[in-house]
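Single-structure report; data block below.
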Amino acid sequence: MKKFVFSAAVLATAALLFTSCASAVSDTADTADAPVLRIGTALDAPYYYMDDNGQYTGLDKAIADEACRRLGWTSAYTVFTWGSQRELLESGAVDCIWDSYAMNGREDLYQWVGPYLEVPEQIVVAADSDIYTIDDLCGKTIAVRIESKGEDYFLKEGGTAVLSDPKTKFCTFDSTSDAFAYFGKGYADAAVGHGPSLQTMAAQHPELYRFLEESPMELELGVAFAKDHDAAQTEALRQTLAEMKADGTIDAIAAAYRIQGGKAGASDDR
């Protein structure tokens, strides 16, 4: 197995299809005198992204904004480059990471609120590919975001047999969009990532792609706070998200992004 690590600069041509963030910027919804929940997130459609009008939107943003509205808080967003989330949180620059962040295997790293949503990790291949199972990836080139659960799966959690093949090439990228762009250009045989993210991108040309029925894992998405963060605030958010799940609000928001039971495609009007 050969492992390659790519940065956004290497993929300048392929990444023209999608937008990734190279430095922190802020997007804030102001409410006078309201407590502020400072949220760290990364650009990753459909969870958080910039629409055609230059406005930040997305599934995670909609859920967070509604939770803050119910709590009487203001939601303020800082966009970061993937891989810097722990440093951002531990430095106190943000209160939490709300970034389609999977709790799986990270349970002891943070004070979690969630899961608020469950989604599958998925594998996308070309429509005419001869890859139908995970085992069929032996000897192929695989693209995945660095430090993701998809990477963990192949390195630690069950996909190591694929990587034991000396012909397998495992390429990691700064973002899922970079991984998908590399795959979409034909440089990789498959891309691995959150189902909603990959399906949002594949929906631009659905005739070109096919998703494996076999999923590496189910992901439980949560909101990550530092372990020493104010327990009263995390408990208030926990209760509010539980109410939003119970009254169907989260399901309704997810449906607006064409996510049903974790399966997703891009909404036609986005």
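The values are calculated or read from the model by the stated rules, or taken from the named source; none is laboratory data. These numbers come from a predicted model, not from an experiment. A quick note on method: Cβ atoms are made from the backbone with ideal geometry, for glycine too, and the neighbour counts reach across all protein chains shown.
Data table
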item: Hits in the range 47-65 (condition: in a helix (DSSP H, G or I) and of a type in the set (A, V, I, L, M, F, W, C)); result: Leu59, Ala62, Ile63, Ala64
item: Counted residues, the range 106-122 - those being within 30 Å of Glu235 (Cα to Cα) and not in a loop (DSSP other than H, G, I, E, B); result: 11
item: The range 113-129, subset hydrophobic (A, V, I, L, M, F, W, C) and modelled with pLDDT of 95 or more, residue surrounded by the most Cβ atoms within 10 Å (Cβ to Cβ); result: Ile123
item: Matching residues, the range 129-161, being without any contact (Cβ under 8 Å) to a residue 60 or more places away in the chain and over 21 Å from the mean Cα position of the chain (by Cα); result: Asp130, Asp135, Asp136, Leu137, Cys138, Gly139, Lys140, Thr141, Thr160, Ala161
item: Flag for Val94 being of a type outside the set (Phe, Trp, Tyr), at pLDDT 95 or above, within 17 Å of Ala42 (Cα to Cα) and not in a strand (DSSP E or B); result: yes
item: Some residue of the range 73-81 being assigned to a loop (DSSP other than H, G, I, E, B), surrounded by fewer than 19 Cβ atoms within 10 Å (Cβ to Cβ) and outside the structural domain of Gly193 (by TED's automatic domain parsing); result: yes
item: Flag if Ala191 is hydrophobic (A, V, I, L, M, F, W, C), outside the structural domain of Asp60 (by TED's automatic domain parsing), farther than 19 Å from Arg106 by Cβ and touching a helix residue (DSSP H, G or I) at 6+ places or on another chain (Cβ under 6 Å); result: yes
item: Unique residue being modelled with pLDDT under 95 and either in contact with a strand residue (DSSP E or B) (Cβ under 9 Å, 6 or more places away or on another chain) or within 23 Å of Glu107 (Cα to Cα) (or both) when the list is Gly186, Gly261; result: Gly261
item: Any hit, the range 32-43, residues being of a type in the set (Lys, Arg), modelled with pLDDT under 85 and in contact with a Ser or Thr (Cβ under 8 Å, 6 or more places away or on another chain); result: no
item: Exclusive hit being more than 22 Å from Asp174 (Cα to Cα), surrounded by fewer than 20 Cβ atoms within 10 Å (Cβ to Cβ) and among the aromatic types (Phe, Trp, Tyr), set Tyr132, Tyr110; result: Tyr132
item: Unmet criterion (only one of (1) of a type in the set (Lys, Arg); (2) closer than 23 Å to Cys96 by Cα; (3) surrounded by 17 or more Cβ atoms within 10 Å (Cβ to Cβ)) for Lys245; result: (3)
